[in-house]
Amino acid sequence: MVRWQPDARGRLQEAALALYEERGFDSTTVAQIAEQAGLTKRTFFRHFADKREVLFAGSEALQELLVEGVSAAPESASPLEAVAGALAAAGAMFEPGRAYAARRQRIIAANPELQERELIKLASLAGAVAQALRRRGVKDPAAILTAEAGITVFRVAFERWVEPANRRDLESLIRAALGDLRAVTAA
């Protein structure tokens, strides 16, 4: 085994996705992922806490981007406008990784444990966005409702974005889902 090669993290992610697709999440071990990537288990654990986290790597960066986006919104922006701006920035961040995201989403959809982990990560995002709104002076329950609605908009748009037949970019799907939310709440 080669002692060092570039992009160990990326190689581990690609190896894990390939094995999850081929064998299923439950039937794949960390040792198999490391071997497929040409690395050791020790190297795997330097990058990921467990085999689930391979699929959720980057959630911290997304959370940071959303919180920064809400915080940077103009003071005159409504809570929903602040969240909408943050979501648009997130959409742009995801666009280059569409094929990977679609593969990842299929794996998650096939496994209840991973679906649960995804919901936990989304709840954490909503909590962070709500906290960013509170720092802007938005009181509860408005901060919580806006954050939860924003994360739901993101989830709905993301699920549409990774559909095989979809040709629209994530930002436009986020804007469309926000439009749908506004239409529902105006009624």
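The values are calculated or read from the model by the stated rules, or taken from the named source; none is laboratory data. For clarity, every value in this text was computed on a predicted model and none was experimentally measured. Glycine gets a Cβ as well: all are built from the backbone with ideal geometry, and neighbour counts include every protein chain shown.
Does ASN166 satisfy being surrounded by 13 or more Cβ atoms within 10 Å (Cβ to Cβ) and free of Cβ contacts under 8 Å to residues at least 12 places away in the same chain? Criteria met by ASN166.
Being in contact with a Gly (Cβ under 9 Å, 6 or more places away or on another chain) and surrounded by fewer than 16 Cβ atoms within 10 Å (Cβ to Cβ) holds for only one residue in ALA92, ALA61, ALA110, ALA84, and it is ALA110. Among the residues here, LEU17 qualifies as under 21 Å from the mean Cα position of the chain (by Cα) and either within 16 Å of ARG117 (Cα to Cα) or crowded, with 16+ Cβ neighbours inside 10 Å (or both). State whether one or more residues within the stretch 50-57 are under 15 Å from PHE158 (Cβ atoms) and of a type outside the set (Ser, Thr, Tyr). So far as the stretch 50-57 goes, yes, one or more of its residues are under 15 Å from PHE158 (Cβ atoms) and of a type outside the set (Ser, Thr, Tyr). Taking the conditions (1) outside any helix (DSSP H, G or I); (2) farther than 24 Å from ALA18 by Cα in turn, GLU163 satisfies each one other than (2). Filtering the stretch 140-187 to residues that are under 14 Å from ALA82 (Cβ atoms) and of a type in the set (Gly, Ala, Ser) leaves ALA142, ALA143, ALA147, ALA149, GLY150.
Among the residues of the stretch 73-90, the one identified as in a helix (DSSP H, G or I) and free of Cβ contacts under 8 Å to residues at least 12 places away in the same chain is GLU81. Taking the criterion of being within 21 Å of GLU148 (Cα to Cα) and surrounded by 13 or more Cβ atoms within 10 Å (Cβ to Cβ), would at least one residue in the stretch 43-57 satisfy it? The answer is yes, given that some residue of the stretch 43-57 is within 21 Å of GLU148 (Cα to Cα) and surrounded by 13 or more Cβ atoms within 10 Å (Cβ to Cβ). Could you go through the stretch 34-42 and let me know if any residue there is without any contact (Cβ under 8 Å) to a residue 24 or more places away in the chain, assigned by TED's automatic domain parsing to the domain that holds ALA128 and not in a loop (DSSP other than H, G, I, E, B). For the stretch 34-42, residues without any contact (Cβ under 8 Å) to a residue 24 or more places away in the chain, assigned by TED's automatic domain parsing to the domain that holds ALA128 and not in a loop (DSSP other than H, G, I, E, B): absent. Just give me the residues in the stretch 140-181 being more than 18 Å from MET93 (Cβ to Cβ) and of a type in the set (Ser, Thr, Tyr), in sequence order. Hits for the stretch 140-181 are THR146, THR152.
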